Amino acid sequence: MVAMSDIDVAGQSESDIRRASDHESFLAHKSMRWLKISFGLSLVAILGYAFADVTPRPNGGTWYGYILGTIGALLIVWLSLLGVRKRAITAGRWSLKAWTSAHVYLGLSLIVIATLHTGFQFGWNVHTLAYALMILVILSGVYGIIVYAILPQELSNNRREMTQGQMIESLAAIDRQLEQAAQPLAREEADLIIAALGQDTFAAGAITRLTGNYRNCLTERALAELAGAANDDAHERVVVLLRKRDGQLEQIRRHLRLKALLEVWLYVHVPLTVALLAALTAHIVSVFYYW
């Protein structure tokens with residue numbers, strides 16, 4: 001029996017609330033608390049820039065520019081610690097979901113804070129390099145948010161309740177049937193099947209995998225050449241199996257493409273973050289050196 005103290009005013013148990021929280025997106029965490037905080041921070045920065053009593057207008061070398069620069073630098077360092085934070089499992093206010101939500105929205109607020117810090121003064125120097133790298137890091141992060149919001153469902157739909165291992169096993173089963181079915185064929189036709197079966201499904205390069213454009217698919221070539229010659233039972237069976245193989249290959253390749261699209265942003269986001277931290281360090285050192 002559940003005690004009255006375990007029920008909130010809406011009549012939900014704590015376990016119900018916890019389950020609802022578990023299904024809540026990090027973007028909508030706590031009614032978008034961090035979006036509101038980031039919007040407020042950006043608004044304060046804009047108003048401060050607009051009304052700061054500085055001549056000429058505020059830039060990185062003014063007192064207001066130093067304030068924005070300090071806030072921006074601290075944010076960048078804190079945001080870069082998300083990877084470290086993922087190794088610790090905690091709940092509550094500083095759960096990973098809350099931290100990720102803050103990471104996204106505070107990261108976006110950097111566009112306003114850092115741009116105002118520059119005072120819209122750019123050039124061929126380490127200061128602009130740090131700003132450019134920051135923008136690239138943010139853009140790659142936005143890409144990551146988009147693909148993680150869209151692609152997991154597509155990945156699930158494509159799998160059709162099959163694991164990657166089961167997809168590969170299904171392809172292997174078709175290959176065994178195809179190898180037997182091709183035995184009555186003429187030598188040249190059998191060679192097409194042998195070549196298709198011998199082609200490595202996973203040998204495609206990164207660009208091919210990301211685009212899903214497999215131009216040199218020997219299964220499609222064999223299917224195109226044998227489909228027109230299907231005038232007896234042996235040919236018909238081979239063509240049917242080739243179509244099944246082509247469909248299974250399409251499922252596997254789409255699976256690999258979606259996984260690659262999900263993962264590729266990290267291979268850009270993380271190195272860019274490291275480069276940003278290096279450029280930020282050079283930016284800060286040079287500012288104080290020439291101060």
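Things worth noting here:
- Flag set for Asn213, criterion: within 20 Å of Asn158 (Cβ to Cβ) and outside any helix (DSSP H, G or I).
- Filtered residue count, the range 68-77, keeping only those that are out of contact with any helix residue (DSSP H, G or I) (no Cβ under 8 Å at 6 or more places or on another chain) and either within 22 Å of Gly123 (Cβ to Cβ) or not assigned by TED's automatic domain parsing to the domain that holds Ala279 (or both): 1
- Meets criteria (in contact with a helix residue (DSSP H, G or I) (Cβ under 8 Å, 6 or more places away or on another chain) and under 30 Å from Lys259 (Cα atoms)) for Ala206: yes
- Those residues of the range 179-210 which are closer than 24 Å to Asn158 by Cβ and surrounded by fewer than 14 Cβ atoms within 10 Å (Cβ to Cβ), in sequence order: Asp200, Phe202, Ala203, Gly205, Ala206, Ile207
- Checking Tyr148 against (1) under 30 Å from Thr62 (Cβ atoms); (2) touching a residue at least 60 places away in the same chain (Cβ under 8 Å); (3) not aliphatic (A, V, I, L, M), the condition it does not meet: (1)
- Which listed residue is surrounded by 13 or more Cβ atoms within 10 Å (Cβ to Cβ) and more than 30 Å from Gly144 (Cβ to Cβ), from Thr281, Thr219: Thr219
- The number of residues in the range 112-123 being part of a helix (DSSP H, G or I) and either without any contact (Cβ under 8 Å) to a residue 40 or more places away in the chain or not assigned by TED's automatic domain parsing to the domain that holds Ile71 (or both) comes to 1.
- Candidate set: the range 225-244, residues that are charged (D, E, K, R) and part of a helix (DSSP H, G or I); chosen: the one nearest to Asp191 (Cα to Cα): Glu225
- Conditions (1) farther than 15 Å from Leu262 by Cα; (2) buried (at least 18 other Cβ atoms within 10 Å of the Cβ); (3) of a type outside the set (S, T, N, Q): number failed by Ile111: (2)
- The residues in the range 124-144 that are aromatic (Phe, Trp, Tyr) and assigned to a loop (DSSP other than H, G, I, E, B) can be counted, and the count is 1.
The values are calculated or read from the model by the stated rules, or taken from the named source; none is laboratory data. The structure displayed is predicted, hence computed values, not measured ones. So basically every Cβ, Gly included, is an ideal-geometry build from the backbone, and we count neighbours across all protein chains shown.
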